[in-house]
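Structure, as structure tokens:
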Amino acid sequence: MEERVCANCFRPLGPGNFCAYCGYDNSIDIAEDAAPLRRFSRLRGNRYIIGRVLGIGGFGITYVAQDTFAMDRRIAIKEYYPSGIARRDIWTQQISFGNYGNEYNIGLRRFEREANMLAMLRGGRAASVVQVYEFFYENGTGYMVMEYIEGHSLKELARARGGRIPYDEAYYILKELLKALETVHSEGVLHRDISPENIIIQPDGRLRLIDFGAARTAQSTGLTGNMIMLKPGFAPPEQYDAAGNQGPWTDIYALACTFYRLVSGVRVPDARERIQGQRVPLLHLLMPETVPEEVSNAIEKAMTLDPGGRYRSMSEFMEAIGTPDAPEGNEREGLIDRVKWIFKSVAKVTVLETGKTKSLKRDDVITVGRSEGCDLITMDNAYIGRVHCRIYFDADVQAVKVECTSINGIQTREGRTVNKGEAMTLYDEETTLCLANTESKIRVVYQ
């Protein structure tokens, strides 16, 4: 019998579905309409083993994978799979595209071109860009093999901190991204999809640009059609026009909108709404005690609707916001420490009768109940709710809370009952709770 392995880290998987090494719940699956490759499928002969889905976009599915020809290192593989066009045969895994052959092939050629562009940017001065190792065709589609990047997106970082990032950290991030994109542009490549979710901060504090799915060279490619997915609030007006005048100023607009969103917690209105007259408050008026007026003015110019009114290069943008030099080492170290603190586990939650455990992070919510959809599943007892309770970290009180969602309540050792709709704050280092006066108990231990 073949040994079971985790679909995230590829290490041996013991009884149950939770990985003892990385904590991944291997019972998590993707909706059928997404039609990803089967887990542990092999590509390129037997070289690449497909693991869990990392993300699904309008034009592709990204997987974590294992490279058996390179000491079993973890990698990421992006599969060209345009939503609404591609269909997968569940038995052969071959891709078909019906009557959309022209659109499919145009997009596939762009996808290959993206891989070739990123491969040319590998390492050196372009170290902030995700590295691409190779591109190949299989199953009637294309696959891009990339490095697997550990870390969290700026979107996750902002969410974990209540929706926004302190100005000094966002300013440091902006300067680092300006330098990274200046290098990318110097190679004749535009990103065209900059947003908080496409910027990763690694455990060592380095920032990495990912998902160049809309990337293109600054020169004409001879390809037609406007097959790109735009993010409202980040895409400038020229990206809504197939003949729009795109250049470095296109990425400048998106980067400025990203900074605005990170600092203020407010998303810039869609470019089409702005054309209709919707205004964007100046950052220094929105946050007068935090954002200097000169930086606010630079961001305003970078977000100008008319491409001709924006900065023409990242170096111009850098000059406008201040010195582009790297910050003092302690500033970067401080950011690294805060990122580690935000995303580290704050508690472990265990269902005592099964021994199943899940780590709780500051931006997590753990559901407990008898439904298979819960993060932690209890005994199958009718008195226990399908989702009996929710466990989460409350940043306002800096403590874990347990919210009851069942009419049968939660009982403490001291005899207190937490009724449906109520939440209990856990202050003790270790707390054991009884669900619905049954033998099913959960234990929450701070770490």
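Odds and ends about this structure:
- Scope region 269-285; condition surrounded by fewer than 24 Cβ atoms within 10 Å (Cβ to Cβ) and in contact with a Ser or Thr (Cβ under 9 Å, 6 or more places away or on another chain); matching residues: Pro281, Leu282, His284, Leu285
- Verdict on Asn105 being surrounded by fewer than 19 Cβ atoms within 10 Å (Cβ to Cβ), more than 28 Å from Cys9 (Cβ to Cβ) and modelled with pLDDT under 90: no
- Scanning region 375-416 for residues that are among the β-branched types (Val, Ile, Thr) and surrounded by 14 or more Cβ atoms within 10 Å (Cβ to Cβ) yields Ile377, Thr378, Ile384, Val387, Ile391, Val400, Val402, Thr405, Ile410, Thr412.
- Residues satisfying the stated conditions in region 110-139, i.e. modelled with pLDDT under 90 and either acidic (Asp, Glu) or at positive phi (or both): Glu114, Gly123, Gly124
- Close pairs (9 angstrom Cβ cut-off, 6 or more residues apart or separate chains): outside the structural domain of Thr350 (by TED's automatic domain parsing) in region 368-386, surrounded by 19 or more Cβ atoms within 10 Å (Cβ to Cβ) anywhere: none
- Among the conditions (1) among the small types (Gly, Ala, Ser); (2) at pLDDT 90 or above; (3) surrounded by 16 or more Cβ atoms within 10 Å (Cβ to Cβ), Ser96 misses just one, which is (3).
- Taking region 144-173 as the range and being in a strand (DSSP E or B) and modelled with pLDDT of 85 or more as the test, the residues that pass are Met144, Val145, Met146, Glu147, Ser153.
- Taken as a whole, the structure leaves Gly55 outside the set of residues that are small (Gly, Ala, Ser), touching a helix residue (DSSP H, G or I) at 6+ places or on another chain (Cβ under 8 Å) and modelled with pLDDT of 80 or more.
- Members of region 140-178 found to be at positive phi and without any contact (Cβ under 8 Å) to a residue 60 or more places away in the chain, listed by number: Gly140, Gly151
- Wholly enclosed helices (runs of 4 or more DSSP H) of region 233-315 bearing at least 1 residues under 19 Å from Tyr167 (Cα atoms), out of contact with any His (no Cβ under 6 Å at 6 or more places or on another chain) and of a type in the set (A, V, I, L, M): 248-264, 283-286, 293-302
- Of all the criteria given as (1) in a loop (DSSP other than H, G, I, E, B); (2) of a type in the set (A, V, I, L, M, F, W, C); (3) modelled with pLDDT of 90 or more, the one not satisfied by Ala65 is (1).
- Selection of strands (runs of 3 or more DSSP E) fully inside region 374-447 by the criterion of at least 2 residues being farther than 17 Å from Ser345 by Cα returns 399-404, 410-412, 423-426, 430-435, 441-446.
The values are calculated or read from the model by the stated rules, or taken from the named source; none is laboratory data. Values in this document were obtained by computation on a predicted structure and should not be read as measured data. No Cβ is skipped: glycine too gets one built from the backbone with ideal geometry, and neighbour counts run over all protein chains shown.
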